[in-house]
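The values are calculated or read from the model by the stated rules, or taken from the named source; none is laboratory data. Everything quoted here is computed from the prediction, not taken from an experiment. Surface accessibility is based on the protein's heavy atoms, side chains included, excluding ligands, DNA and RNA. Shrake-Rupley method; radii C 1.70, N 1.55, O 1.52, S 1.80 Å.
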Amino acid sequence: PPVPAAPLCRSGDEAVGAVEAREFAFDEVLPVDASQRDIFGKVGLPVLRECLKGFNGTIFAYGQTGSGKTYTMRAIERAAAEELFLRLGGRAEVSVNYFELAGRKALDLLTEQKTEIRLREEQDVSFRPYDCEEAACGSAEQLLHVMGEAAARRATDATAVNSSSSRSHSVCRINIAM
C-alpha cells in the first residue's frame with residue numbers, strides 16, 4: 001500500500017519545511033533488523049537472475065547522505081559477485097566498466113587519471129561507455145578487487161553529515177558474455 005510522505009524535518013512537535021502530502025508506492029519495505037543477506041535476496045538476487053537470462057539489470061541506491069547507501073550497496077555487490085560466479089561455473093566471461101558522473105562529465109574510474117569518456121545511446125536505447133577501460137575478471141574476488149579500487153577513486157568531500165561523502169554518481173557495469 002502507498003505510504004504517505006512525511007514532512008521534511010521536525011523540530012519538537014512542529015513540522016519545519018513541510019511539503020504537500022504525497023503518496024509513494026513501494027514494492028517492499030524491509031524491517032529495520034533485515035540482514036544483508038535478506039536485502040540481497042529481495043533486491044540483488046532477482047536482478048541477477050534476470051541478467052543471467054540476458055536482460056539488463058539495475059540496482060539504484062537513493063537516499064540522504066549518511067543513510068547507509070554505500071554500506072548496503074557494498075554488501076549487495078559482494079553477495080552478487082559471489083552468486084554470479086557460483087551460477088556461471090566458468091561457462092562465461094565476466095568484465096567490468098566503472099565510471100562516475102560528475103557534473104557534465106563521465107570519468108573512467110578504472111584508470112588512475114580518471115580519464116574522461118563518452119556515453120552513447122545505442123539502438124536498443126541503452127547507454128554504453130566508449131573510450132572506457134574494461135577489466136576482465138575470472139573470480140568474485142577479482143571482480144570485487146577491481147570494483148574496490150575504482151570506488152576508491154570516486155570524488156568525495158566533507159559534508160555536515162559525513163566526512164567523506166561522494167560528490168558524484170557511480171556506474172558499475174558488469175558485462176557477462178555467455
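Between S35 and R49, the contour length at 0.36 nm per residue exceeds the Cα-Cα span by 3.0 nm. Each residue of segment 117-133 was assigned a 3J(HN,Hα) from its phi angle through the Karplus expression (A = 6.51, B = -1.76, C = 1.60, θ = phi - 60°), giving 10, 10, 10, 10, 7, 8, 4, 7, 6, 8, 10, 10, x, 10, 6, 10, 4 Hz with x at Gly and Pro.
A straight chain from S95 to Y62 at 0.36 nm per residue would run longer than the Cα-Cα distance by 9.3 nm. Backbone amide hydrogens, once placed in the peptide plane, bring A106 within less than 5 Å of I117, excluding anything fewer than 5 places away on its chain.
Rolling a 1.4 Å probe across the protein heavy atoms gives segment 45-136 an accessible surface of 67 Å² per residue.
Database remark: amide H of A155 closer than 5 angstrom to the amide H of R167 (H placed geometrically; neighbours at sequence offset of 5 or more, or on other chains; Pro and chain starts carry no H). Phi angles across segment 139-150 convert, under the Karplus curve 6.51 cos²θ - 1.76 cosθ + 1.60 with θ = phi - 60°, into 3J(HN,Hα) values of 7, 4, 4, 5, 4, 5, 5, 4, 5, x, 5, 5 Hz, Gly and Pro given as x.
Measure off, as a whole percent, the carbon and sulfur share of the 1.4 Å-probe accessible area of segment 36-98, all protein chains present. Looking at segment 36-98 in its full context, I get 52 percent from C and S. Based on C-alpha pairs under 8 angstrom that are at least 6 apart in sequence, segment 91-150 has a relative contact order of 35 percent.
3J(HN,Hα) along segment 24-32, derived from phi through the Karplus expression 6.51 cos²θ - 1.76 cosθ + 1.60 where θ = phi - 60°, amounts to 10, 9, 10, 5, 6, 10, 8, x, 4 Hz, with x in place of Gly and Pro.
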